[in-house]
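Quick notes on the structure that follows.
The values are calculated or read from the model by the stated rules, or taken from the named source; none is laboratory data. Model, not experiment: these values are computed from the prediction. Counting neighbours? That spans all protein chains shown, and the Cβs are built from the backbone with ideal geometry, glycine included. Heavy atoms of the whole protein, side chains included, go into the accessibility calculation; ligands, DNA and RNA do not. Shrake-Rupley method; radii C 1.70, N 1.55, O 1.52, S 1.80 Å.
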Amino acid sequence: MADGAQVAEGFFDAWTSKDFERARELLHDDVAFEGPIDTFSDADSYVFVDGDDVCVIYDLKTAPVPSSRTCEWYRVHGGKVASVSVVFDARPFASLFQARQGH
């Protein structure tokens, strides 16, 4: 039996390489997911493909803010990214912008 790190790495690798069938195999049927955009408790809602819509969630690492959960929603048309919408909690970055504006 694989250890936790192997399972998590296998899931992440399958997900990022778009092997959604393999990713689904590594999820419990009643997986719990909670994020800033949605919450659900079944694997089929987590592993999905919706045409040209792609959602990428990651932890943005920067020098001033060590980690900020970020979500990017891409819309693809004609084989190219047509739009990107980014959502993240900007509060940790607020002091950086205030310093630049002299506040």
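Out of D13, D30, D38, one residue alone is in contact with a helix residue (DSSP H, G or I) (Cβ under 9 Å, 6 or more places away or on another chain) and at pLDDT below 75. It is D38.
Would you please name the residue that is nearest to the chain's Cα centre (by Cα), looking only at residues in the stretch 68-81 that are open to solvent by less than 90 Å² (accessible area, probe 1.4 Å) and within 20 Å of T16 (Cα to Cα)?
Let us first name the residues in the stretch 68-81 that are open to solvent by less than 90 Å² (accessible area, probe 1.4 Å), namely 68, 70-72, 74, 76, 78-79, 81.
Narrowing further to those that are within 20 Å of T16 (Cα to Cα): 68, 70-72, 74, 76, 79, 81.
Values: S68: 12, T70: 7, C71: 5, E72: 7, Y74: 12, V76: 17, G79: 21, V81: 17 Å.
Only one residue tops the list, namely C71.
Selection of the stretch 59-81 for residues being in contact with an Asp or Glu (Cβ under 8 Å, 6 or more places away or on another chain) and assigned to a strand (DSSP E or B) yields S68, R69, T70, W73, Y74, R75, V76, H77. Looking only at residues in the stretch 57-67 that are touching a residue at least 24 places away in the same chain (Cβ under 8 Å) and surrounded by 12 or more Cβ atoms within 10 Å (Cβ to Cβ), the one that is farthest from T16 (Cα to Cα) is V65. Scanning the stretch 3-27 for residues that are more than 16 Å from the chain's Cα centre (by Cα), in a helix (DSSP H, G or I) and free of Cβ contacts under 8 Å to residues at least 12 places away in the same chain returns G4, A5, Q6, E21, E25.
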